[in-house]
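Everything on this sheet refers to the single structure shown next.
The values are calculated or read from the model by the stated rules, or taken from the named source; none is laboratory data. All figures in this text were calculated on a predicted structure; none of them were measured in a lab. With ideal geometry, Cβ positions are generated from the backbone for all residues, glycine too; neighbour counts draw on all protein chains shown. All accessible areas refer to the heavy atoms of the entire protein, side chains included, with ligands and DNA or RNA removed. Shrake-Rupley method; radii C 1.70, N 1.55, O 1.52, S 1.80 Å.
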Amino acid sequence: MQYLKKIRNAILVESILLVSLYSVFMTDILKEGIGVEQTQAIEVGSVGEREYIKWVDFNVSYEALCEAYRWDVETYEETLEDKDAVHVGWIELLAYTAARHGGEFPSGTVSEIARTAEKLKTGETTMQELTGDMKYYAYYLEAYRAVLGGFVGEYEIQKETEEGGVEWKKCYGLKAFSPIAKGFEYSDYDDFGAARSYGYSRPHLGHDMVGQIGTPVVAIESGYVEAIGWNQYGGWRLGIRSFDGKRYYYYAHLRQNFPYYKGLEEGSVVTAGQVIGYMGHTGYSKTENVNNIKVVHLHWGLQLIFDESQKEGNNEIWIDCYNLTRFLYKNRSETAKDAETKEWYRIYEMKDPAVEKYMEGKKEKGSL
């Protein structure tokens, strides 16, 4: 018995040593940013000879979004003063991190992003060198560009002067907005994938923001109205497509009788931060203008489109917008109410180069 007891103790000690060595090894990997690209299931479809992404799980944390964005803006500003400075793109940072961790953003990701950005900024390495042997980096880069492509960039916006007037100011940074206007509170939680039963059993493919009837809803990104009118599931709803065609923003359950901002119609061009409609609880009815939704809220969804065959049907890609909603809270459009028309409108206008480029393209094609 004593002999067996000694053997058991020896095995226990050896196991503890092995676990300790493994823990130290993994800690060093995380500290130094050395890792092995994680494997993951990636679905790619094809049309003829052209392949396209068939599915995207967008699991980027709020903290990771903020950290990558901070490095993007700070390094961009440095390039304005020093032409040799390196601009570190936030989408590239996020795609690299995702490729390392199989699309997940575990604890320690924020500090990992900071270390990577610092190495890129100082010229210690380049993104091409970091990702040269990564099998899935290109996938995550394309997927994340599809999600975030219209969020950050150059723009001009009106700012109030000390004298009380308004002047135009050139800016770089977040040019996408929270879908709820500034000053209007709401409550929400991560409800993506929750069960829905009206019509048929299905998952909830969007994000609900609970508030008051008539709360101004604003365009998250600049684009054009692709769908407007009644839908038995979404009630009075709007569908706005980004100019690059990759993103379809869906705003649903808008207000009964007065759902949209005046003049909006299919084909209308909207600028990020512009009032587009009003919160309500319409929907769940084949009959138009019915309030069959129990709770007043805005449902907004983001569909990714890599091929037009994905627009409707079994190949639709909708992503979890909860962390995006938290991130967009950084930029809320300030609005005021017109006493005569009862319409809300943005106080400070914005010039988005994406809008100007789109309108110029339409002129050249003779469609204006």
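How about the stretch 293-328: which GluC sites (Glu not before Pro) there are in a DSSP loop, with at most 14 other Cβ atoms within 10 Å of their Cβ?
Passing both the DSSP loop test and the Cβ count: GLU312, GLU316.
In deg cm²/dmol and to the nearest 500, what is the mean residue ellipticity at 222 nm of the chain if only DSSP H runs of at least 4 residues count, each as -39500 (n - 2.57), divided by the residue total?
-10000 deg cm²/dmol
Given that compact globular proteins tend to follow 2.2 N^0.38 Å, what is the ratio of the alpha-carbon Rg of the chain to that value?
Relative to the rule-of-thumb radius for its length, the chain sits at 1.17.
Kindly flag which residue pairs out of LYS54/LYS357; LYS54/LYS175; LYS246/LYS342; LYS262/LYS330 have an alpha-carbon separation exceeding 32 Å in this structure.
Beyond 32 Å between Cα atoms: LYS246/LYS342.
List every DSSP H helix in the chain whose Cα atoms extend 24 Å or more along the helix's own long axis and whose mean Kyte-Doolittle hydropathy is at least 0.0.
2-32
Under a 5 Å amide H to amide H cut-off, with H placed in plane at 1.01 Å, what residues pair with GLU343 once short-range neighbours are removed?
ASP338
What is the percent of Cα-Cα separations in the stretch 120-225 that go past 17 Å?
Distances greater than 17 Å cover 76 percent of the Cα pairs.
With +1 on each Lys and Arg Cβ and -1 on each Asp and Glu Cβ, how big is the dipole of the stretch 173-295 about its Cα centre, in debye rounded to the nearest 20?
Dipole about the Cα centre, nearest 20: 120 debye.
Over the stretch 59-177, with every protein chain in place, what whole percent of the accessible area is carbon and sulfur at 1.4 Å, could you tell me?
44 percent
For GLY229, list long-range residues whose amide hydrogen, built 1.01 Å from N in the peptide plane, is under 5 Å from its own amide hydrogen.
Here ARG237 satisfy the definition.
Mind checking which of VAL218, TRP90, TRP230 is farthest towards the positive end of the chain's charge dipole, using Cβ charges of +1 (Lys, Arg) and -1 (Asp, Glu) about the Cα centre?
TRP230
Under 5 Å between amide H atoms, partner at least 5 residues away or on a different chain: which partners does ALA181 have, H built in plane at 1.01 Å?
VAL218
Please compute the length gained on full extension between GLU160 and GLU74, using 0.36 nm multiplied by the number of residues separating them and subtracting their Cα-Cα distance.
Full extension of this stretch gives 28.6 nm more.
Quick check: pseudo-label points 7 Å beyond the Cα along Cα→Cβ at ASN59 and TYR329, how many nm apart are they?
2.3 nm
Please give the charge dipole size of the chain, origin at the Cα centre, charges +1 on K and R Cβ atoms and -1 on D and E Cβ atoms. Round to the nearest 20 debye.
Value, rounded to 20: 1240 debye.
What are the GluC sites (Glu not before Pro) within the stretch 146-188 that DSSP puts in a loop, where the Cβ has at most 10 other Cβ atoms within 10 Å?
Filter output for the stretch 146-188: GLU162, GLU163, GLU185.
Which percent of the accessible heavy-atom area of the stretch 235-349 goes to carbon and sulfur, probe 1.4 angstrom?
Carbon plus sulfur share of accessible area: 43 percent.
Suppose all protein chains stay in the model; what accessible area per residue would a 1.4 Å probe give for the chain, in Å²?
53 Å²
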